[in-house]
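*Asks:* This is the structure I have questions about; it appears just below.
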Amino acid sequence: MLLKTLVLKKEKLTTVEENVSLAEALEILETSGYRCVPVLDATGKKFLGNIYKMHIYRHKANGGDMSLPVTYLIKNVTKFIYVNSSFFKVFFTIKELPYIAVLDENDDFYGILTHSSLLNMLQQSWNIEVGSYVLTIASTGKQGDLALMSKIISKYTSIASCITLDVGKDEYIRRTLMTLPAGTSVETRDKIIESLEKKSYKVVDIEDLQNPMN
């Protein structure tokens, strides 16, 4: 996964250093408008964690000492990935976080990958701009299923994209989302579905990308 194309680099980010007080960190957060920012060490190279505006306000409301260093309320210390991390590592690490810190090969802070960047990448994988229909095909997940489904569809048209989801759920093991290219007619779509279901591949959902309300 080429994370470097998606990462916001350190030079473009608002960060705070470990020796900054909670009061100073809050001012930086208020000025920037962000709800949290990365905390770096004194050299500006090492990622130490994140500081959240809500945690500082809670501390302040409870009469906490605002002169304490920002590291007193630091969070997500172990929440980071590397520029060469796999997609699965990225996906399951970011979860509820607004962003995930990205480190380079030397363990230095490289930048952040935001939730929105990740979602945009996933959106592109659906090929919405050049797709017509997304067929959700349920299968048992046995060896050769993906190849056979692709072969069936390729008799009628090309495949714009393919995503496999929820392995191991329900009565089927796997659901595969096949995006048909733009310009695919309803007649061609229906022939594909008929051919797939003749081979026991159940098309459980059809999404019209050009008319999403239909």
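*Asks:* Determine whether residue 52 is under 15 Å from residue 5 (Cα atoms) and either loosely packed, with under 14 Cβ neighbours inside 10 Å or modelled with pLDDT of 85 or more (or both). I'd like the intermediate steps shown before the answer.
*Replies:* Numbers: under 15 Å from residue 5 (Cα atoms): no; either loosely packed, with under 14 Cβ neighbours inside 10 Å or modelled with pLDDT of 85 or more (or both): yes.
No: the conditions fail for residue 52.
*Asks:* Looking at this structure, is residue 31 hydroxyl-bearing (Ser, Thr, Tyr), over 16 Å from residue 108 (Cβ atoms) and under 21 Å from the mean Cα position of the chain (by Cα)? Give the steps one after another, and end with the answer.
*Replies:* Values: hydroxyl-bearing (Ser, Thr, Tyr): yes; over 16 Å from residue 108 (Cβ atoms): yes; under 21 Å from the mean Cα position of the chain (by Cα): no.
No; evaluated as a whole, the condition is false for this residue.
*Asks:* Go through the stretch 38-49 and count every residue that is crowded, with 19+ Cβ neighbours inside 10 Å, of a type in the set (A, V, I, L, M, F, W, C) and under 17 Å from residue 68 (Cβ atoms). Please lay out each step first, then the result.
*Replies:* At the first step, the residues of the stretch 38-49 found to be crowded, with 19+ Cβ neighbours inside 10 Å are 38-40, 47-49.
Retained after the next criterion (residues that are of a type in the set (A, V, I, L, M, F, W, C)): 39-40, 47-48.
From the residues that got through so far, the ones that are under 17 Å from residue 68 (Cβ atoms) too are 39, 48.
Looking only at that region, the number is 2.
*Asks:* Filter the stretch 34-49 for residues that are out of contact with any Leu (no Cβ under 8 Å at 6 or more places or on another chain) and closer than 24 Å to residue 105 by Cβ and give the result.
*Replies:* The first filter runs over the stretch 34-49 and keeps only residues out of contact with any Leu (no Cβ under 8 Å at 6 or more places or on another chain), leaving 34, 42-45, 49.
Of everything in the stretch 34-49, those that are out of contact with any Leu (no Cβ under 8 Å at 6 or more places or on another chain) and closer than 24 Å to residue 105 by Cβ turn out to be 42, 43, 44, 45, 49.
The values are calculated or read from the model by the stated rules, or taken from the named source; none is laboratory data. The shown structure was predicted, so the numbers you read here are calculated from the model rather than taken from an experiment. Cβ coordinates were reconstructed from backbone atoms using ideal geometry, including for glycine residues, and neighbour counts include every protein chain displayed.
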